[in-house]
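Take a look at the structure set out below.
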Amino acid sequence: MISPTRLQKLAKEHGTPLFVIDHDALRKNYRQFRRYLPRIQIYYAVKANPDPAIVRTLYQEGASFDVASMPEFMIVHENIKDLPAQGRQDWIWDKIIYANPTKATETLEQLNQYKPLVTFDNLEEIRKIKQHAPNAGLALRLKVPNTGAMVELSSKFGASPGEAVDLILAADKAGLVVEGISFHVGSQTTNFENYVQALSLTASVFREAQDRGYTKMNLVDIGGGFPAPYDSSVRPLRELAKVINTELDRLFPKNIQILAEPGRFMVATAGLAVSKVIGKAVRDGKTCYYINDGVYHTYSGIIFDHCKYPVKAFKKGPTSLCSVFGPTCDALDVVSMAENLPELERDDFVYSENIGAYSHASSTYFNGFPPATVVHVSAAPKH
Ligand SMILES: *Cc1c(COP(=O)(O)O)cnc(C)c1O
């Protein structure tokens, strides 16, 4: 944990808006995931926060990576290629999965040289892969229930369980190798039953494929969705892990390799945003604070991620209900309409915790305001 005193010191030193990444928190999240889900190799979903320093820290912990675009692929490739290899010689499969089911032909052509592992969920994609990336290995993305997830994905991606084996056999017939099955239960999944249902569907597709003569599948990729502890209503990973481990051991023999693609869980609690009050007004009796970070910047998750980030003051004192607005001229740039804050003055700092995922990653330059400065720290200052 980074103390409020240290946060304020960082804000003074580096200026605001500031986005602080706590690498001790990253390592803690990684190790916790490993401890509770020992059978699973972690493929960190880079889109949650593509900062190269995060990639390096997680790689040193032993992580692999899930990417969804060529620039993300290169961020990982450039940042891990010089580090000691921890896997087999053909590390690309051990270290990177390209988990976007729909890929442009140009992307496939660039990926082909790396013999990548890519996902697919339809016939058109099989034809594209065959033509433009014949060296790729495949994982079928299965459509699974996303009930109760904060961010739903099942309407955009996934082959239905009924067509899954037809697609696997079609890929096989085209001369491609389907290595296994992947799914995503939806982001910030607090309904653990989603994982149970998805694993059971996956196992039934495995069985059907086997019955129909396809026996080359050896991996199950259980995707992301692992909930970050934004508040006390989120049950801990330990409880979800118990459910998943039981199902994995019941449904899949030991020789089946299990992957997961946690994004949010790894980085949400490792990011903090510090900004400052740049203006203050009273409208309809309510104090409105204007700060120098907002929804086009580090607070973008309010829009894109359906997420809330309480704004906190460093100052103590009696609080009242306030609004907090971002710096741009757009009416959409509202951080909160209901925040309990003490009386703040111009230049006072405010901050938000648990803002490491899907935040700075979607910052824009809208209205001329650049993204927050990023600073990397470990909990204990290094000397
Ligand atoms: C976004 C995404 C993830 C990460 O999801 P989280 O909910 O952040 O864990 C993993 N896999 C795929 C394919 C994704 O699109």
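Read-outs throughout are calculated quantities, based only on the coordinates presented, and are distinct from any laboratory measurement. All of these numbers come straight from a predicted model, not from anything done at the bench. Please note: Cβ atoms are built from the backbone with ideal geometry, for glycine as well, and neighbour counts cover all protein chains shown.
What to note about this one:
- Antiparallel DSSP beta bridges within the range 267-347, as percent of all bridges there, nearest 5: 75 percent
- Of all DSSP bridge pairs formed entirely within the chain, close to 40 percent run antiparallel.
- DSSP-defined antiparallel bridges as percent of all bridges, the range 139-281, nearest 5: 15 percent
- Residue-by-residue Karplus 3J(HN,Hα) for the range 151-160, coefficients 6.51, -1.76, 1.60, Hz, glycine and proline x: 10, 8, 10, 6, 7, 9, 9, x, 7, 5
- Principal-axis tilt of helix 23-36 within the chain, Cα atoms, nearest 10 degrees: 40 degrees
- Only Cα sites of the range 299-383 enter the Debye sum here, all with the same form factor; the resulting log10 I(q)/I(0) across q = 0.15, 0.20 1/Å is -0.67, -1.12, listed in q order.
- For the chain, the longest principal axis of the Cα atoms and the long axis of helix 4-14 meet at an angle of about 90 degrees.
- Violating pairs (Cα-Cα greater than 24 angstrom) within the set Lys216/Lys254; Lys28/Lys216; Lys103/Lys143; Lys103/Lys308: Lys28/Lys216; Lys103/Lys308
- Neighbours of Asp347 by Cβ distance under 13 Å: Lys/Arg scored +1, Asp/Glu scored -1, total +3.
- A simple rule links phi to the HN-Hα coupling: the Karplus curve 6.51 cos²θ - 1.76 cosθ + 1.60 with θ = phi - 60°, which for the range 40-46 gives 9, 7, 8, 10, 4, 7, 4 Hz, with x for Gly and Pro.
- Descending semi-axes in Å of the chain, equivalent ellipsoid built from Cα gyration tensor: 41, 21, 20
- Taking all pairs of distinct alpha-carbon atoms in the range 169-255, Kirkwood radius in angstrom: 14.3 Å
- Chymotrypsin sites (Phe, Trp or Tyr not before Pro) restricted to DSSP loop in the range 286-379 with at most 13 other C-beta within 10 Å: Tyr365
- 5 angstrom amide H check on Gly137, placed H, neighbours 5+ away: Leu117, Val118
- Inter-part distance where the range 1-18 and the range 283-297 are each reduced to a Cα centre, Å: 20 Å
- Helix-only arithmetic for the chain: the sum of -39500 (n - 2.57) across DSSP H runs with n ≥ 4, divided by the residue total, places the mean residue ellipticity at 222 nm at -9500 deg cm²/dmol.
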